[in-house]
Amino acid sequence: MSVSERLAELGIRLPAVAAPVAAYVPAVVHAGVVYTSGQLPFTDGALPATGKVGDAVSADDAKAYARTCALNALAAAADAAGGVDRIAGVLRVGGFVASVPEFTGQPGVINGASEVLGEIFGDAGRHARAAVGVPVLPLDSPVEVEVSFLLA
């Protein structure tokens, strides 16, 4: 089954590629890999929430935002690669969670990204990963995710 067929089966529509908020491109292709820039959970051009996880943002909401970040990353990768069906799998996910110092649930938050990529790519969605707590992210976003995808 192709990636586009799997997305349709799951009822997932990829969003438009988010416009960069600084001096970078959303994704680059090099040596059979698509590297995405960090993706924020933009939905229709806006962040759904701002603030820190463990304070203004719940861990469950942040997990949903990480899922959105992963779909934004897939959209950016597909655009750079010439279509979503050129993406063969996931190599690595890097997740950043803006959180209060006592919050230690960053891995659970970034599971939102990992789980949706697993749903889409199956075994090819298994990946290496980092989930890091940080004091602040661009635009006061609660989460940011970058993904490295393997080309078909």
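The values are calculated or read from the model by the stated rules, or taken from the named source; none is laboratory data. Since we're looking at a predicted model, the values are computed, not measured. Note that we place each Cβ from the backbone using ideal geometry, even for glycine, and neighbour counts take in every protein chain shown. What goes into the accessible areas is simple: the full protein's heavy atoms, side chains included, and nothing from ligands, DNA or RNA. Shrake-Rupley method; radii C 1.70, N 1.55, O 1.52, S 1.80 Å.
Please give the per residue accessible area of the chain, computed with a probe of 1.4 Å over protein heavy atoms only, in Å². Each step should come with its number before you reach the end.
Values: 7140 Å² over 152 residues.
Normalised by residue count, the accessible surface of the chain is 47 Å².
May I ask you to compute the full-extension gain from V33 to D85, defined as 0.36 nm times their residue separation minus their alpha-carbon distance, rounded to one decimal in nm?
Working: separation 52, 0.36 × 52 = 18.72 nm, distance 1.38 nm.
Difference between extended and current length: 17.3 nm.
Across bins of 10 angstrom width beginning at 0, how are the C-alpha pair distances of the chain distributed, in whole percent?
Taking all Cα pairs of the chain, the binned fractions are 13, 45, 33, 9, 0 percent.
Where in the range 98-152 are there GluC sites (Glu not before Pro) that are in a DSSP coil and have at most 15 other Cβ atoms within 10 angstrom of their Cβ? Don't skip to the answer; put the middle values down first.
On the way: sites: E102, E115, E119, E144, E146; in loops: E102.
Sparse-neighbourhood loop GluC sites (Glu not before Pro): E102.
Return the carbon/sulfur percentage of the accessible area of the chain, one whole number, probe 1.4 Å, all protein chains in place.
On the way: 3810 of 7140 Å².
About 53 percent, which is the carbon plus sulfur part of the accessible surface.
For every helix of n ≥ 4 consecutive DSSP H residues, a contribution of -39,500 (n - 2.57) applies; sum these over the chain, divide by its total residues, and give [θ] at 222 nm rounded to the nearest 500 deg cm²/dmol. Don't skip to the end; give the middle numbers.
Working: 3 runs with 47 residues, N = 152.
Calculated at 222 nm, the ellipticity per residue is -10000 deg cm²/dmol.
Could you pull the Rg and Dmax for the range 12-83, using just the Cα atoms, both in Å?
That works out to 13.2, 41 Å for Rg and Dmax.
For the chain, list the DSSP H helices whose alpha carbon atoms reach 24 Å or more along the long axis and whose average Kyte-Doolittle value is -1.0 or above?
On the way: long enough: 59-81 (32 Å, 0.32).
For the chain, where a helix must reach 24 Å along its axis and average at least -1.0, the hits are 59-81.
Given labels modelled 7 Å from the Cα in the Cβ direction, how far is it in nm from V132 to S2?
Using points 7 Å along Cα→Cβ, the separation is 3.7 nm.
Testing the spin-label approximation: label points 7 Å from Cα along Cα→Cβ at A19 and E102. State their distance in nm.
Those two pseudo-labels are separated by 4.1 nm.
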